[in-house]
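These notes concern the structure reproduced below.
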Amino acid sequence: MKIVLLSLVLTMFPAAVLFAQSSFPAEGEAHSIAGDWYDYSMGLYHKSLKEYDTALEYFEKALGSKKEMHRVYFQMAGCHFYKNEFEKADKYARLAIEKDDSFKKPYYLSYNAYMRLKDYGGATGILESLVKKYPDEVNAHYTLGNLYYTRLKDQEKALDHFERIIELSKEQTVEEYFLEYSHYYAGYIYYRKGEHEKSINHFKTVAENNRTNSSAYNILAGLLMDYHRIGEVQKYCEFYLENFDDDPRIHGYLGRVYYLRDDLKALPHLRKASEKMDPEGLLARSLLMEMQHRDEENYEMLKFIIRKYPRYISPHVALGNTYHRKNESEKALAEYFTSGILFHNVGLYDESLRMFQKVLAIKDRIPEIYTYLGKVYEEKEMFDMAVLNYLKSNELKENSKVLVHIGYLYSQKNNYSEAIKYYDNAIKLEPGFSQSYFLKGLTYTYTEKYRQAEINMKKAIRLKEDDLYYFYLATVQEKQNKIHQTIDSLKRAIQLNPANSRVYNYLGYLFADRNMNLEESVKLVEKALELEPGNGAYLDSLGWAYYRQGRYREALEKLLEAERKLDGEGAPDPVVYDHIGDTYLMTGSKDDAIMYWKKAYRLQKSAELQRKIESHGGGIIK
């Protein structure tokens, strides 16, 4: 339904820009060809009179001068184009490009010739050669984007060109039209790819930069309604209704927002939306009838809508209300419970609480309700209420997973003794549940009780081999300087999950930091980067492995790349700065080394950094 909606809206806008205006010079344009300008000038004169055959005769004579031949060929191409001789037009345009491939106009003329021939592959080919020569040619990128999108149905290539325009706009002035519709089409392509968050962000950019683009607001409202981001839906719908023509679909979205909030303001919007004979209108009519208590005629319609559109929340709420009025308590409870879960899943926690409270009003001895209430309060960062509801759930039905989760919450609040108590209760209840031992071991690491941590993690592994368990077991083994056991644990983690980039990086860095197995170290970190390209921590590991091998120039390149990556993410790392300082020292740049050691020291003071700075003339650190 939504794809059809967006397709209809999209057709309101032009699909391509053909550049007829920019493809040819003004008819009176003349280029002085020293000593031989007469034939060329006469060619332009007859071309302006649309006497193309005569113009071509003069241009042929002008070619004899062997000067400015790219311009002569271009004018000949133009004559053939106006004679509808498109293959010849392309031939002479390409001759112009051969003579001077920096001359842009023949590319566009050739493009127009291919478009008249309906040879869209040829049209894209000539423009691709132009953007290869001129990567910042916005007109060509935009036209290519439209060609790939509308004619060749290659969304990925279309997206490449639209995103290139967006990137260029950060470096140079780009015409507003091109930028706006690059975002517009990129938003639509991402929607088709299923990357809806990116789609929403592009359409938001369109709406924010052009408040007259009603299509962008309409699409945004629909996309956001699909994800029940009702606060944003309300904002965009209200703006739309204040500034554009009345639209039943927009009224439908706004009516649903108010309905989900149990707000009577839904009524007028649902009335207007119900006039439309489409799925949105059907839903609006059904919700309106529920608010009017027209239960008998609405009952089957609600059930149909739920079958047809299972992700919608409002029909579940409406059916719950309908069952409640019919005194069918169990059915009402099921619909309210479903609504509460759906609200929770989309982050509407207040609405979720309201539904679960309706469930409790019907029956208050269901453990799963309290579990979900605990989840909701946890999301709202109401720790005490979360624990209280988890405990109530466990009181009604003992559950080791609930006990483990309570322990986890206490560990996150640094109440480690209470966390251990709940892990022990979970172990007593279900001795075969591996996660209880693992999280208990993890909690011991927070208090630096590494021996107890190792014992519990090994118990978890005996119950269930898991690469995550082995990874954290390795961390506590390394803390106890059990290096061979650490290595064994990491290698077992790789066997269990060959796609775990963290394990490759950990083992590779371990080798580099201890100056052992350096060739293997490099290969391991390269594998980590293959799985997760551009990871700043992994780039640091690779740089440090190169440093240990004495490959200082390569090391510095990777370490500086790691610095840029981590600083750009707002996560500067003193270890990276320290490594850069050490590497600069080995390349003979002592001043740069001191500068980076000081950067590291400002983030994390240490005696070793202080010693390096002072011993190399960087002054006394106080």
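Observations
- Of the residues contained in segment 98-105, one or more are found to be part of a helix (DSSP H, G or I), of a type outside the set (Asp, Glu) and under 30 Å from residue 59 (Cβ atoms).
- Set side by side, the residues 268, 310 differ, and just one is outside any helix (DSSP H, G or I) and surrounded by fewer than 24 Cβ atoms within 10 Å (Cβ to Cβ), which is 310.
- Residue 510 being in contact with a helix residue (DSSP H, G or I) (Cβ under 6 Å, 6 or more places away or on another chain), surrounded by 14 or more Cβ atoms within 10 Å (Cβ to Cβ) and modelled with pLDDT of 95 or more: no
- Among the conditions (1) farther than 17 Å from residue 139 by Cβ; (2) at pLDDT 95 or above; (3) more than 19 Å from the chain's Cα centre (by Cα), residue 174 misses just one, which is (1).
- Test result for residue 465, surrounded by fewer than 20 Cβ atoms within 10 Å (Cβ to Cβ) and either aliphatic (A, V, I, L, M) or at negative phi (or both): yes
- In segment 496-518, residue farthest from residue 534 (Cα to Cα) [restricted to those that are small (Gly, Ala, Ser) and part of a helix (DSSP H, G or I)]: 512
- Test set (1) touching a residue at least 12 places away in the same chain (Cβ under 8 Å); (2) closer than 26 Å to residue 207 by Cα; (3) assigned to a helix (DSSP H, G or I) - residue 276 fails condition number: (3)
- Entry remark, segment 82-95: residues being in a helix (DSSP H, G or I) and either in contact with a Phe, Trp or Tyr (Cβ under 8 Å, 6 or more places away or on another chain) or modelled with pLDDT under 95 (or both) number 7 in total.
Each row is one residue, and each column tells you yes or no for (1) out of contact with any helix residue (DSSP H, G or I) (no Cβ under 9 Å at 6 or more places or on another chain); (2) buried (at least 16 other Cβ atoms within 10 Å of the Cβ); (3) of a type in the set (S, T, N, Q); (4) farther than 21 Å from residue 101 by Cα.
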site	(1), (2), (3), (4)
122	no, yes, no, no
125	no, no, no, no
131	no, yes, no, no
135	no, no, no, no
138	no, yes, no, no
144	no, yes, no, no
151	no, yes, no, yes
165	no, yes, no, yes
172	no, no, yes, yes
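- Scanning segment 349-382 for residues that are assigned to a loop (DSSP other than H, G, I, E, B) and on the phi < 0 side of the Ramachandran plot returns 363, 364, 365, 366, 380, 382.
- Residues within segment 580-622 that are buried (at least 18 other Cβ atoms within 10 Å of the Cβ) and β-branched (Val, Ile, Thr), tallied: 4
- None of 235, 204, 198, 157 is assigned to a helix (DSSP H, G or I), closer than 30 Å to residue 343 by Cβ and in contact with a Phe, Trp or Tyr (Cβ under 6 Å, 6 or more places away or on another chain) except 198.
- Test: residue 444 is more than 22 Å from residue 491 (Cα to Cα), in a helix (DSSP H, G or I) and at pLDDT 95 or above: yes
- Checking each residue in segment 338-361 for being over 11 Å from residue 376 (Cβ atoms), surrounded by 22 or more Cβ atoms within 10 Å (Cβ to Cβ) and more than 30 Å from the chain's Cα centre (by Cα) picks out only 359.
- Taken together, the criteria exclude residue 297 from residues that are assigned to a helix (DSSP H, G or I), buried (at least 21 other Cβ atoms within 10 Å of the Cβ) and modelled with pLDDT under 95.
The values are calculated or read from the model by the stated rules, or taken from the named source; none is laboratory data. For clarity, every value in this text was computed on a predicted model and none was experimentally measured. Because the Cβ atoms are built from the backbone with ideal geometry, glycine has one as well, and the counts that use them run over all protein chains shown.
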